[in-house]
Amino acid sequence: MKELKIVNAEFFTSAQRLNDSPPPDKAEIAFLGRSNVGKSSLLNSLTKRKTLAKSSSTPGKTQLINYFDITFKDYSQSAEENHYARFVDLPGFGYAKVSKSLKKNWHQNLTDFLEQRPSLQIFVHLIDARHSTLDIDKNVDEFLNHIKRGDQIIINAFTKIDKLKQTDLQKLKREYPDGIFISNLKNKGISQLEKKIAIYLFGE
Ligand SMILES: Nc1nc2c(ncn2[C@@H]2O[C@H](COP(=O)(O)OP(=O)(O)OP(=O)(O)O)[C@@H](O)[C@H]2O)c(=O)[nH]1
Ligand SMILES: [Mg+2]
């Protein structure tokens, strides 16, 4: 049984769209979801680097496709083998304070990227645990299930569970038995997500 942990994370590069993205030469994990849901914060939690991805209480903080090089170390082996992947922090869906044409442009860039990037292996769809039934998230889920290739998986990550009552959290967990339940504030669900990503990419 492998014991994979993230041991290093570095900013690699930013892109505006698929066309100016770096060569797809590593397995990639995309973090997507509504603006302000906690995508950049989750990336920082996973990598234990508080300021690696820029997070902000103002929605619309992440405006580019940001690539981060991630190193996993396998502690189960005496040789301590390394594995490599790339995290992709994406702009949020549904950010209202930009012009209509810019919004349309972003949307096109995002959907093209999600649909056509050959190296994408995992979609981590972040959903605010307090608002788990919004139309926009249903649309994202439908879209992802529609475009998903055989070699890809979708992980539903419910964020900000520290703001949820225990009874509501238990209900949500029953509703989504395969979900991951995250608090970046309280460091909950992070190692579970790390493990799920590592097992999918590099095996048990
Ligand atoms: N209470 C609580 N707040 C959180 C959590 N995760 C993120 N936040 C806060 O939510 C706000 C948005 O976080 P970001 O990580 O910037 O969200 P984002 O999804 O990257 O946002 P955009 O880049 O604008 O799309 C920040 O003020 C964070 O501190 C969490 O688990 N619990
Ligand atoms: Mg962000």
query: Among the residues of region 24-45, is there at least one that is more than 6 Å from ligand 1 (Cβ to nearest atom), touching a Pro at 6+ places or on another chain (Cβ under 8 Å) and more than 21 Å from Phe93 (Cα to Cα)?
result: yes
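Pull up region 170-194, narrow it to residues that are touching a residue at least 60 places away in the same chain (Cβ under 8 Å) and under 14 Å from the mean Cα position of the chain (by Cα), then point me to the one that is surrounded by the most Cβ atoms within 10 Å (Cβ to Cβ). Give the steps one after another, and end with the answer.
Of all residues in region 170-194, those touching a residue at least 60 places away in the same chain (Cβ under 8 Å) come to 182, 184, 187, 190, 193-194.
Next, from what is left, pick out any that are under 14 Å from the mean Cα position of the chain (by Cα): 182, 184, 190, 193-194.
On the way: Ile182: 29, Asn184: 21, Ile190: 19, Leu193: 19, Glu194: 19.
Step by step, filter region 170-194, then rank; the result is Ile182.
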message: Taking the condition of being open to solvent by less than 80 Å² (accessible area, probe 1.4 Å) and either within 16 Å of ligand 2 (Cβ to nearest atom) or part of a helix (DSSP H, G or I) (or both), how many residues in region 148-169 meet it?
response: 7
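For residues in region 19-36 being in a loop (DSSP other than H, G, I, E, B) and within 19 Å of Asn139 (Cα to Cα), which is least open to solvent (accessible area, probe 1.4 Å)?
Of region 19-36, the ones in a loop (DSSP other than H, G, I, E, B) are 21-27, 35-36.
Among the residues that remain, those that are also within 19 Å of Asn139 (Cα to Cα) are: 35-36.
Numbers: Ser35: 19, Asn36: 67 Å².
In this case the residue turns out to be Ser35.
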field: Failed item in (1) hydroxyl-bearing (Ser, Thr, Tyr); (2) within 7 Å of ligand 1 (Cβ to nearest atom); (3) in contact with a helix residue (DSSP H, G or I) (Cβ under 9 Å, 6 or more places away or on another chain), with Ser57 passing the rest
entry: (3)
- request: Just give me the residues in region 15-50 being more than 16 Å from the chain's Cα centre (by Cα) and polar (S, T, N, Q), in sequence order.
  value: Gln16, Asn19, Ser21
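Which ranges mark the helices (runs of 4 or more DSSP H) fully within region 37-147 that have 2 or more residues being acidic (Asp, Glu) and surrounded by 15 or more Cβ atoms within 10 Å (Cβ to Cβ)? Reasoning before the result, please.
Working: elements: 39-47, 100-116, 135-147.
It comes to 135-147.
Taking Ile65 as the residue in question, decide whether it is in contact with a helix residue (DSSP H, G or I) (Cβ under 8 Å, 6 or more places away or on another chain), within 16 Å of ligand 2 (Cβ to nearest atom) and closer than 17 Å to Leu201 by Cβ.
Values: in contact with a helix residue (DSSP H, G or I) (Cβ under 8 Å, 6 or more places away or on another chain): yes; within 16 Å of ligand 2 (Cβ to nearest atom): yes; closer than 17 Å to Leu201 by Cβ: no.
It is false that Ile65 is in contact with a helix residue (DSSP H, G or I) (Cβ under 8 Å, 6 or more places away or on another chain), within 16 Å of ligand 2 (Cβ to nearest atom) and closer than 17 Å to Leu201 by Cβ.
The values are calculated or read from the model by the stated rules, or taken from the named source; none is laboratory data. Worth saying up front: this structure is predicted, and the values here are computed from it rather than measured. Neighbour counts are summed over all protein chains in view; Cβ atoms, including those assigned to glycine, are modelled from backbone coordinates with ideal geometry. All accessible areas refer to the heavy atoms of the entire protein, side chains included, with ligands and DNA or RNA removed. Shrake-Rupley method; radii C 1.70, N 1.55, O 1.52, S 1.80 Å.
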